[in-house]
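See structure below.
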Amino acid sequence: MINLTSVSGFILMWFPDEHKFQILHVLLFLVTYLLALTGNLLIITIITLDRHLQSPMYYFLKHLSLLDLCFISVTVPQSIANSLMNNGYISLGQCILQVFFFIALASSEVAILTVMSYDRYIAICQPLQYEAIMDSSTCRSAVIAVWIAGGLSGLMHTAINFSIPLCGQRVIHQFFCDVPQMLKLACSSEFINEISVAAFTTSIALICLISIVLSYIHIFSTVLKISSAEGRTKIFSTCLPHLFVVTFFLSAAGFEFLRPPSDSPSAMDLMFSIFYTVVPPTLNPVIYSLRNKALKAGLRKVLCPKKNLLRERYA
């Protein structure tokens with residue numbers, strides 16, 4: 001047993017006590033992590049190698065996959081390791097790094113999803129100006145801004161969150177260092193600064209959400225004016241996966257961060273945290289690949305290079 005009043009780190013209390021449930025947790029998280037790792041690495045590889053996938057849309061999708069890959073790697077491997085060692089302890093340094101990278105990558109993901117919606121808006125609503133607006137310099141600048149904005153957000157949250165004095169036992173009812181759960185450990189009069197930063201970042205996220213909604217209102221109003229059914233299908237095949245990813249990620253994250261943390265976390269609370277930390281990075285490659293013919297063709301080239309070489313030679 002660990003003396004909870006004397007530890008310098010934190011105790012993650014999400015882990016089940018029974019050995020068979022610990023093994024089940026390890027297997028589920030390991031399979032999910034390997035699927036996310038494989039799917040996102042395939043997306044990155046396909047877009048990097050296929051010369052037909054060098055448009056801004058796929059450039060942003062590659063960075064989304066890179067963000068997803070890093071995002072799930074922040075929490076899941078540590079959780080698996082803790083279960084295997086039958087120990088929920090996480091050091092202060094590990095917790096600081098986890099909070100920083102988690103907030104930074106989550107913020108960057110919201111930003112890249114906003115940039116991707118703007119890219120689709122320009123491509124569909126202003127096609128004649130698309131190449132002039134979304135040139136290579138603009139795309140690189142947008143991606144750099146996404147990573148910088150995420151880093152600054154993570155830095156602000158981490159600096160303020162770990163400068164707050166903690167009262168009571170350092171027990172976090174989660175499988176990672178979750179900011180809402182950590183605020184419960186703060187002395188009641190000391191976390192006003194963290195709430196201010198959270199309000200600021202929530203406002204930025206709300207602006208991003210409004211921008212995405214407005215982009216898709218314009219996109220769908222333009223699509224409805226297209227007489228060709230084939231043209232509408234082609235546009236929907238690139239827009240609907242992005243819209244689904246945006247809706248799923250922001251709704252799950254919004255529910256988790258905007259609701260007041262409960263004193264006795266339930267299985268439902270843990271389920272929602274998994275929905276926005278583990279599920280999106282695993283499903284995103286599948287969602288984008290299923291409805292995108294160009295990505296399917298790129299996947300066939302990567303998996304069966306000889307067959308595709310013969311097909312191109314005799315086409």
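Note on Y89 and L24: with the Förster distance fixed at 30 Å, the Cβ-Cβ geometry gives a FRET efficiency of about 0.90. Per residue, the convex hull spanned by the alpha carbons of region 75-231 comes to 155 Å³.
The calculated FRET efficiency for I217 paired with L155, based on their beta-carbon distance and R0 = 41 Å, is about 0.75. Given R0 = 45 Å, the distance between the Cβ atoms of L206 and S136 translates into a calculated FRET efficiency of 0.90. Rolling a 1.4 angstrom probe over region 49-110 with all protein chains present gives an accessible area of which 67% lies on carbon and sulfur atoms.
Accessible-area rank, largest first, for C177, C187: C187, C177, with all protein chains present and a 1.4 angstrom probe.
The heavy atoms of K234 present about 150 square angstrom of accessible area, all protein chains included, probe 1.4 Å. In summary, the convex hull built on the alpha carbon positions of region 24-125 has an orientation-averaged projected area of 7.7 nm². Near Y89, the amide H atoms lying under 5 Å from its own belong to L12; only residues 5 or more places off or on other chains count, and H is placed 1.01 Å from N. Surface listing: H218, H63, H52, H173 arranged by accessible area from highest to lowest gives H52, H218, H173, H63, probe 1.4 Å.
The HN-Hα couplings worked out from phi for region 40-48 by the Karplus form 6.51 cos²θ - 1.76 cosθ + 1.60 (θ = phi - 60°) are 6, 5, 5, 4, 4, 5, 4, 5, 5 Hz, whole numbers, x standing for Gly and Pro.
The solvent-accessible area of E131, taken with every protein chain present and a 1.4 Å probe, is close to 150 Å². In terms of distances greater than 30 angstrom between alpha carbons, the cross-link table entries K225/K301; K62/K234; K225/K296 yield K225/K301. Figure note: R120, R51, R140, R232 ranked by solvent-accessible area, largest first, 1.4 Å probe, ligands and nucleic acids not counted: R51, R140, R232, R120.
The values are calculated or read from the model by the stated rules, or taken from the named source; none is laboratory data. This one's a predicted model, so the numbers in the text were calculated from it and none came from an experiment. FYI the Cβ positions are ideal-geometry reconstructions off the backbone, even for glycines, and counts take in every protein chain you see. Accessible surface areas use protein heavy atoms only, side chains included; no ligands, DNA or RNA. Shrake-Rupley method; radii C 1.70, N 1.55, O 1.52, S 1.80 Å.
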